[in-house]
Amino acid sequence: MSGNVAFDVAIGLIFIYLLYSLYVTVVMEIVSSIFGLRARNLSYALKRMLMDEKRYPGTAARISSRILTTVMRVTGNAMNLENRGLYDHFFKQPSIKYLTSGGAGNKPSYLSAENFSKALIDAIKVDNPDASLLACVEEGLLRKLSDGSETKQQIQSLLDDANYDLVKFKILLENWYNDTMERASGWFKQTTQVVLFGIGFVIVVSFNVDTISMIRKLSRDDNARNQMVQMAANFVEKNEAGLQSVDKAPADDSTAVKQIHTKLDSLQATQKMLQEEIMNTQTVMGSNWYVSDSIPYTLTSATLAGKEWVEIPYKLKNGKNAYVVVHRSVDKGIFLNAVKAETEGFLKLNTVKYKYSYVFTWEHFWGYLMTVLALSLGAPFWFDLLNKLVKLRSSKAIASDTDDRSRPSGLAMSNRGILNRVG
């Protein structure tokens, strides 16, 4: 033991944050793979490059369109873009079409700069065997894009900067694509932050992870605190290499994208492992949603066995007093307000009302919000912090043990003192 309650409470709390951050990350990766969020983000970025912004007559309409585009961006669509002819023709090119699986959501999630420049040139150029490639591109710009097109102006500007040199023109197209992808990476992170917040809130409420309640529990219950610290140390020791390699992969890295798409089974296995760890922490913390929709109000010695259960006095419709046995994590006042019916020997509870009322009461809501905000910092942050604290705790424990062994006993000190005085 470290001898510092606050230090051990911090380790237990950070360990819980790490588990749920990892769980949220795994769920997010599965959701991202199923719904193709990366492909949608790439599609939106290419629309920004190859389509034109709409011109709105008023400021209010322009601002509204941008707000709607911010919301729609997660689907790969935009409210304030038009003239999608070049964009559609771009995706019809064989160099792009055959990068996809050919199934639902037929858009690539990753595209190299070389593929972009080749496909764009092929999409713009016209068929003229008697003219050079650059001449075909210039003629395509005149025919396929309108005079007021901003996309046309951008491509024409790159063509002028290249002095009509094909190699330089391809390099400038690739630079344009790479610059846009750097920004698209930030757009994707913004999107995932919003999605992660939503997933985190659902998971936090589903598993009843209230930061304030957890701090109270860990600070008062020595046994629970010691168990959590031991579980944290074991978890770090067993999973350090795997967590660092899986969770720290950049969200926009092409290799990570390919690995995620090919390792859904691995993600689901990780999810199962995390669920087991989470259930273990819930057993220690007593934070399960132990609320049934049908609860007996008769007591026996068996139902009161153990410290996990408490009794709530309840007055029946016939005026008699009864007792309801519930898990100790149940809020008594909210429980009584959620009772909807009384049958022979049982109370019928509206569990949805109970949980909704529990989560959104002033006392509990802030605890859930604190947990969600903590999870938004990400598993790498919590893992690094937990790793440092566990190592610091171990070094302090070793130092304390060494001091105890080197320190003379009380009798030896007394005898030495007597000899010194005599001498």
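The values are calculated or read from the model by the stated rules, or taken from the named source; none is laboratory data. This one's a predicted model, so the numbers in the text were calculated from it and none came from an experiment. Positions of Cβ are backbone-derived with ideal geometry, glycine not excepted, and every protein chain shown enters the neighbour counts.
Brief remarks follow.
- Selected residue [outside any helix (DSSP H, G or I) and among the basic types (Lys, Arg)] from 55, 62: 55
- Taking the listed residues 21, 43, 33, the one that is in contact with a His (Cβ under 7 Å, 6 or more places away or on another chain) and either hydroxyl-bearing (Ser, Thr, Tyr) or not in a helix (DSSP H, G or I) (or both) is 33, with no other qualifying.
- Selection count where residues are among the acidic types (Asp, Glu), part of a helix (DSSP H, G or I) and farther than 30 Å from residue 75 by Cα, scope region 164-218: 0
- Residue within region 75-89 that is over 15 Å from residue 47 (Cα atoms), at pLDDT 85 or above and not in a loop (DSSP other than H, G, I, E, B) present: no
- Test result for residue 109, touching a Gly at 6+ places or on another chain (Cβ under 9 Å), assigned by TED's automatic domain parsing to the domain that holds residue 50 and under 21 Å from residue 38 (Cα atoms): yes
- Meets criteria (outside the structural domain of residue 10 (by TED's automatic domain parsing), at pLDDT 80 or above and of a type in the set (Ser, Thr, Tyr)) for residue 358: yes
- Close contacts from region 136-157, counting a first residue that is without any contact (Cβ under 8 Å) to a residue 60 or more places away in the chain and a second that is outside any helix (DSSP H, G or I) and of a type in the set (D, E, K, R), with Cβ to Cβ under 7 Å and a gap of 6+ residues or different chains, come to 136/125; 137/125; 140/125.
- Residue that is nearest to the chain's Cα centre (by Cα), among those in region 116-156 that are buried (at least 16 other Cβ atoms within 10 Å of the Cβ), farther than 17 Å from residue 177 by Cβ and among the small types (Gly, Ala, Ser): 149
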